[in-house]
Amino acid sequence: MSNEVIRTEGLTKVYRTGKNEVAALRGVDLTIRGGEMVAVMGTSGSGKSTLMNILGCLDEPTDGAYYLDGARVDGLGKRALADIRNQKIGFVFQGFNLLARTSAVENVEMPLLYDRSGRKHDVRKAAEAALARVGLADRLDHQPSELSGGQQQRVAIARALVTEPALILADEPTGNLDSRTTIEVMSLFQELNAQGITIVIVTHEPEVAQYAHRIIDVRDGRIRRDVTVDSPRRAADDLAAYDADAERNAA
């Protein structure tokens, strides 16, 4: 894990409304290396969402520097940032953000249709491979309404994977899921991370953060705590225990 996927230096974001100024980020220095799985935590108003938006090239800092996959990206134009979002970052959202009347495989194809790099020549094949990677090879033609919440989030994760990004940013990815499905999705994230994929999860749930190798707490626009977790919980073990308990209770 020697390569730096994310590096920020003095990252600052100030929102101005008339004469009023609100500092959402106050000089954030952060490094995330390739292959890490990091949970970013913070209460409402802490600055974690602003940090997420800047890391995802959805917003620009007021001051400071942001390097993504070795290249400085703050200050780039909208078109260049759009290409970076498409080619370098996979997004997973709380609400899945799937097209309702579109099949799973067509939803996963979407980022490739906007990819101007020309890296992927067989869009359908790439989308099918991404769905197989998340265990949905048999759901290619199902629409979101025909899938469970967990399956919909798996489609969203496959869509994030299909461009082979340097980074996956997951914003409250379990917020709309029940307890078992939350563990199931976190197990998938751990599997993908074990394959070398860098994952940053923004969450307010401590039980979700416990599956990460590193936990970063954001408060008042600053990183207040950045700790390495020596022995993260294994979601696969928790899932097996959950199912065993359910089976015993049903007996």
Options L51, L25, L55: the member that is aliphatic (A, V, I, L, M) and over 17 Å from the mean Cα position of the chain (by Cα): L25
Residue check: is G18 at pLDDT below 95 and crowded, with 21+ Cβ neighbours inside 10 Å? no
Among the residues of region 21-35, how many are in contact (Cβ under 8 Å) with a residue 40 or more places away in the chain and exposed (fewer than 15 other Cβ atoms within 10 Å of the Cβ)? 1
Out of (1) free of Cβ contacts under 8 Å to residues at least 12 places away in the same chain; (2) surrounded by 15 or more Cβ atoms within 10 Å (Cβ to Cβ); (3) of a type outside the set (D, E, K, R); (4) in a strand (DSSP E or B), the odd one out for N53 is which? (4)
Close pairs (7 angstrom Cβ cut-off, 6 or more residues apart or separate chains): within 16 Å of A212 (Cα to Cα) in region 161-190, of a type in the set (S, T, Y) and part of a helix (DSSP H, G or I) anywhere: T174/T182; I183/Y242
Checking E164 against (1) modelled with pLDDT of 95 or more; (2) on the phi > 0 side of the Ramachandran plot, which single condition isn't satisfied? (1)
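Could you please let me know if G149 is within 22 Å of I199 (Cα to Cα) and modelled with pLDDT under 95?
Yes, satisfied.
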Breaking point among (1) within 14 Å of V105 (Cα to Cα); (2) within 16 Å of the chain's Cα centre (by Cα), for R133: (2)
Only residues that are surrounded by 24 or more Cβ atoms within 10 Å (Cβ to Cβ) and among the small types (G, A, S): list them for region 141-186, please. A156, A158, A160, A170
Given the conditions (1) free of Cβ contacts under 8 Å to residues at least 24 places away in the same chain; (2) of a type in the set (D, E); (3) on the phi > 0 side of the Ramachandran plot, which single one is not true for D69? (1)
Does region 125-133 include one or more residues that are in contact with a strand residue (DSSP E or B) (Cβ under 6 Å, 6 or more places away or on another chain) and surrounded by 22 or more Cβ atoms within 10 Å (Cβ to Cβ)? no
Only one of (1) outside any loop (DSSP other than H, G, I, E, B); (2) out of contact with any helix residue (DSSP H, G or I) (no Cβ under 8 Å at 6 or more places or on another chain) is not met by G75, so which one is it? (1)
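The values are calculated or read from the model by the stated rules, or taken from the named source; none is laboratory data. Being a predicted model, the structure only gives us computed values, none of them experimental. Don't worry about glycine lacking a Cβ; one is built from the backbone with ideal geometry, like all the others, and counts go over all protein chains shown.
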